[in-house]
Amino acid sequence: MDDRQSRDLAHRRTFKAIGDFLALHGLEPTPENYTLVYGLVSDDTTPVARMILALTSDGVRLTQRDIDRIRKQIDEEFPGLEEDKAAELIADLKRSMENFTSVVEATREETRNYEADLARGAEDLNEHASANPSIVTVARLTGAMLERTRAAEAQLAVARSEADALREKLAEAEEQARSDALTRLPNRRAFEARLDEVMKSGELCSIAICDIDRFKRINDGHGHGVGDRVLRMVAESLKMSCGKHMVARLGGEEFAILFEGMSPSAAAEILDQARSDLAARDFRVRETDAPLDQITFSAGVALCAGESPLKRADNLLYEAKDSGRNKVVAEAD
C-alpha cells in the first residue's frame, strides 16, 4: 500500500468515526457538529475532546444543547486566553517602562548635578586662565565637556517625553485589552477580575448571565452585520437599564451583569424590566426596512457567595431557556 492509499484509508476511517458518533448520539450532520466531533476523533487530548469525553464517560448520550454549550465554551475560553496573554505582555511592558523612566530620571538628576559642578569649575578656570596660560587647555576641555553634558541632558529630556507618551499608549492598550471590541463593554477578563474583588470583600452582590434568544436565526436570516448591530443594541440597552452596575460581554451573544449591593430578587427585578422593555421594541433591518423577529433574552441570577456563582447563574439561565425563553430565573434570597 503506497502513501496515497494509506492517507485515503485514514480519511475514510475518520469520516466513518465521525458519522458513527453523530448517529450514536442522534445529532444532525451539520458542518458545526461535524467540525466539533472531528476534534474528538482526530486527537482525544484536545480541550474539545476532553469536554466531550467528560460528558459521555458514563455512557450518557449528548444532546444538541450539549454540543452547542461546548462550542460556545470553546469559542469564549480560548479568545480569553489570548486576552490574558496580551494583558500579561502589556503589564510586562509597563514594568519595563517604569524601570526605564526611573533610570532616565535618576540619570537626568545626576547629569544636572554634574553640569552644575562643571559650570562652576569652568568659571573658576576661566578666571585664572589669564594668569596661568597652562590652564587654558584645561578650561577649553572643561567647556567642551560642559556642552556635551548639556546635550546629554537635552537627550534625556526627550527620552523622558517619549517614555511618557509610550506610557499613555500602554494605558490605552491596557484598557482595550479589558474591553470587548464590538460592544465596548468590559470583557470576560475584566468582569471576572471585578467579580473576584467583590467576592473577596464579602459585600452583598448578585451576578446575572443573559443570553439573546435564538440569536443564530438573526445571523442566518439577516447576516452577521445585522447580528453585530443587534449585539451592540442589546449591550447598550442593558447598560442603560442597569445604570451603575457593571455590564460585560462574556462572548458570543452572552452578557453578564454584576449587581453590587443587591440581592438576587432585587437584581432580577431590574433585569426583568430590561427584558420586558427590549421585548416590546420593534426592530427593522436598516438596509431593507424588513422587520426583525422579536428580540428577547433569557437570564439567570445568582448570589455572589459560595462556590461558582458564575456556573450557578449559567445553570439558572438554561433553566430559563428550557422553560420557554424570554424570562429571568433567580435564586432565592
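Every number in this text was worked out from the coordinates using simple rules, so none of it is lab data. Just so it is clear, the structure is predicted and the values come from calculations on it, not from any experiment. Cβ atoms come from the backbone with ideal geometry, glycine included; neighbour counts cover every protein chain shown.
Can you give the extra length, in nm with one decimal, that the chain gains between Gln64 and Leu182 once fully stretched, where that is 0.36 nm per residue apart less the Cα-Cα distance?
Full extension of this stretch gives 39.7 nm more.
Starting from the amide H of Ala330, placed 1.01 Å from N in the peptide plane, find each other amide H under 5 Å away whose residue is 5 or more places distant or on another chain.
Val301
Within 10 Å, count the other beta carbons around each residue, average over each peptide in 282-291, 217-226, and list them highest first.
217-226, 282-291
Report the Cα centroid-to-centroid distance between the stretch 258-333 and the stretch 197-212 in angstrom, as an integer.
14
Can you tally the net charge around Ser265? Count Lys and Arg as +1, Asp and Glu as -1, for every other residue whose Cβ sits under 12 Å from the Cβ of Ser265.
With Lys, Arg at +1 and Asp, Glu at -1, the net is -4.
For the stretch 193-282, calculate the relative contact order in percent as a whole number, restricting contacts to Cα pairs under 8 Å that are 6 or more residues apart.
38
Using a Förster radius of 22 Å, what is the FRET efficiency between Ala23 and Asn219 based on their Cβ-Cβ separation? Nearest 0.05, please.
0.20
Name the residues whose placed amide hydrogens come within less than 5 Å of the amide hydrogen of Cys205, ignoring near sequence neighbours (fewer than 5 apart) on the same chain.
Counting only residues 5 or more places away or on other chains, the set is Gly261, Met262, Cys304.
Applying the Karplus parametrisation 6.51 cos²θ - 1.76 cosθ + 1.60 with θ = phi - 60° to the phi angles of the stretch 185-198, what ³J(HN,Hα) value in whole Hz is obtained for each residue in order, glycine and proline being reported as x?
Karplus-based 3J(HN,Hα) across the stretch 185-198 equals 6, x, 8, 4, 4, 5, 5, 5, 5, 5, 4, 4, 4, 5 Hz.
With each pseudo-label sitting 7 Å past Cα toward Cβ, what's the Arg12-Asp282 distance in nm, one decimal?
If labels sit at Arg12 and Asp282, their model points lie 6.0 nm apart.
Per-residue HN-Hα couplings for the stretch 278-292, Karplus 6.51 cos²θ - 1.76 cosθ + 1.60 at θ = phi - 60°, whole Hz, x for Gly and Pro?
Computed from phi, the couplings for the stretch 278-292 are 5, 5, 7, 7, 10, 10, 9, 6, 4, 6, 10, 6, 6, x, 8 Hz.
Give me a comma-separated list of calculated 3J(HN,Hα) values for the stretch 35-52, in order, Karplus coefficients 6.51, -1.76, 1.60 applied at θ = phi - 60°, integers in Hz, x for any Gly or Pro.
Values, residue by residue: 5, 5, 5, 4, x, 7, 6, 7, 7, 7, 9, 6, x, 4, 4, 5, 4, 5 Hz.
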